[in-house]
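S.K.: This is the structure I have questions about; it appears just below.
The values are calculated or read from the model by the stated rules, or taken from the named source; none is laboratory data. Just so you know, these numbers come straight off a predicted model, no measurement behind them. Note that we place each Cβ from the backbone using ideal geometry, even for glycine, and neighbour counts take in every protein chain shown. Only protein heavy atoms, including side chains, enter the accessible area calculation; ligands, DNA and RNA are left aside. Shrake-Rupley method; radii C 1.70, N 1.55, O 1.52, S 1.80 Å.
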Amino acid sequence: MSTQPDTIAAISTPPGPGAIGILRLSGPRSLEIAAKTFCPLGPKALTDHAPRTLVYGDLLDAGGEPIDRCLCTFSRGPQSYTGEDTAEFQCHGSPMVLSLGLEALFALGARQAGPGEFTRRAFLNGQLDLAQAEAVGDLLEARGREGARHAAGQLSGTLSRRIGDIYSALVDVMAHFHAVLDYPDEDIDPFRLEELSHTLEEQEGALDHLLSTCRRGRQVTRGISCALVGRPNAGKSSLLNALAGYDRAIVTDIPGTTRDTLEVNVELGGVPVRLIDTAGLRESDDPIERLGVERSRSAMEEAELILVLWDGSAQVTEEDGDLLQAALKLAPTILVNTKSDLPSAPIPFLSLNPMPPVVTLSSKTGQGLSELEAAVAAQFPKPEDVPYGQLLTNQRQEEAARRARQAVARARKALEAGVTPDALLTDVEEALAALGELTGQNVREDIIARIFSKFCVGK
Ligand code: GDP
């Protein structure tokens, strides 16, 4: 950034009334604007207070009238979130107070911040690297405890340090070959070559380990997609509601009422799960329902977990059996016998290989729901060897790590084949560039823009 940045302002708390509402300012004119909008109660002017303390006083609207009695704090760059001068007003969480306050900030020359602009400035000013900035987004949107802990770990720099270790080992390799290029007459020590090859192999291993975390990373950030399937009336909507703890789906006893698919995020046995309730899987002449049936088939095909529901109070049909067989071919499956509070119909002897876990439950009484949670947790055990914050959680990170891994593997093979140092250096440089993308050292502007546009305004 060559030109002086402008001063941005935004409401940083969610819309609607709340206990506290926060207005935020960042940029070179923050302190001047804050001092004009905020009148401390004591004798000292705002900026005569120490930075990063809370000052009590009146927030003034654009006409200079008090609109709230609140707290203000300011920080001088670079000791702030964005690395610039910043100020924050902790007001009463009244949408009116916040919008009048924001108008006052605009009237004094601040402009509305775009989505993620505060964090983007933090990144551009070197307060956070890109992996940490992405962790901010993951933390805000965490769907479960594990996801939140991983995001917090990544934010504190765990992933960045891991990548930094690989980076610096590769820089050492590169330094060696630059020296070889500079002094071509000197013999290369074979022992040193073996050592370098070993270093490259270790980095390949470290990148493989990182890449092996992608699946879990996707699951903890996005949630495991779980299709609830079964014949109409098997109890899918009732189970979804019982698990979600509120009535999200319409439950009726007319077969085929859940025509569309419904999605609800829940945490089952510590695993974040996106429950997808599908329309009853049955052939239908009704065009709307047929669309629903197609959707449920595709939901099953895309699911990472399938709950096949059999109505425990009714005879098991051939269709129930076919559905279970189909599910088992597609994804980890749990067979759920529903309505355990009703007299149960005889369950046929199942001889399946592998045999899916079977859970008997009642959505009406809640009996068996904790067994279902345990069965889900058993399907997705938490990896033991991955500390919090060392997961690759999105496609961008995965692609960059994969490119780095491929380039390191090429460099190692080249070294073993006795290729010239300059060819080898090209591969190592490519690996370094890909690692740099992970932490944002050399990432393209459009990619940065895309990452921060997903953030909310005020973050
Ligand atoms: P879906 O078509 O598979 O989504 O099934 P629903 O969840 O709409 O349930 C069909 C009918 O079974 C409704 O009348 C529910 O009230 C009833 N039902 C679902 N689960 C239970 C249960 O655990 N116990 C009892 N007694 N009835 C249930």
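S.K.: Return the carbon/sulfur percentage of the accessible area of the chain, one whole number, probe 1.4 Å, all protein chains in place.
M.R.: Solvent-exposed carbon and sulfur of the chain make up 52 percent of the total.
S.K.: Provide the net charge surrounding V358, with neighbours chosen by a C-beta distance below 14 Å and charges set as Lys +1, Arg +1, Asp -1, Glu -1.
M.R.: Spelling it out: positives minus negatives among the neighbours equals -2.
S.K.: Quick one: grab the alpha carbon gyration tensor of the chain, order the square roots of its eigenvalues as a ≥ b ≥ c, and give me rounded if a/c is under 1.5, else prolate or oblate depending on whether a/b is larger than b/c.
M.R.: It comes out oblate by the Cα gyration axes.
S.K.: While we're here: Could you please state, rounded to a whole Å, how far the C-alpha centre of the stretch 322-350 is from the C-alpha centre of the stretch 91-136?
M.R.: The stretch 322-350 and the stretch 91-136 have Cα centres spaced 51 Å from each other.
S.K.: What ranking do 221-227, 126-132, 338-344 get when scored by the average of other Cβ atoms within 10 Å per residue, highest first?
M.R.: Those peptides, ordered most packed to least, come out 221-227, 126-132, 338-344.
S.K.: Among DSSP beta bridges lying fully in the chain, give the percent that are antiparallel, nearest 5.
M.R.: If I count the DSSP bridges inside the chain, around 60 percent turn out antiparallel.
S.K.: Taking the alpha-carbon distance from K36 and a cut-off under 26 Å, which lysines remain once sequence neighbours fewer than 8 residues away in the same chain are dropped?
M.R.: Partners found: K44, K459.
S.K.: At 1.4 Å probe size, with every protein chain present, just tell me what the per residue accessible area of the stretch 15-80 comes to in Å².
M.R.: Computed with neighbouring chains in place, this is 51 Å² per residue.
S.K.: Now for a different question. Between the stretch 177-239 and the stretch 402-459, what is the separation of their alpha carbon centroids in Å?
M.R.: Each part's Cα centre sits 13 Å from the other's.
S.K.: By residue number, which cysteines of the chain lack any other Cys whose Cβ falls under 4.7 Å from their Cβ?
M.R.: C39, C72, C214, C226, C456
S.K.: Could you work out the longest stretch of the chain that avoids the chymotrypsin sites (Phe, Trp or Tyr not before Pro) located in DSSP loops with at most 14 other Cβ atoms within 10 Å?
M.R.: 1-245
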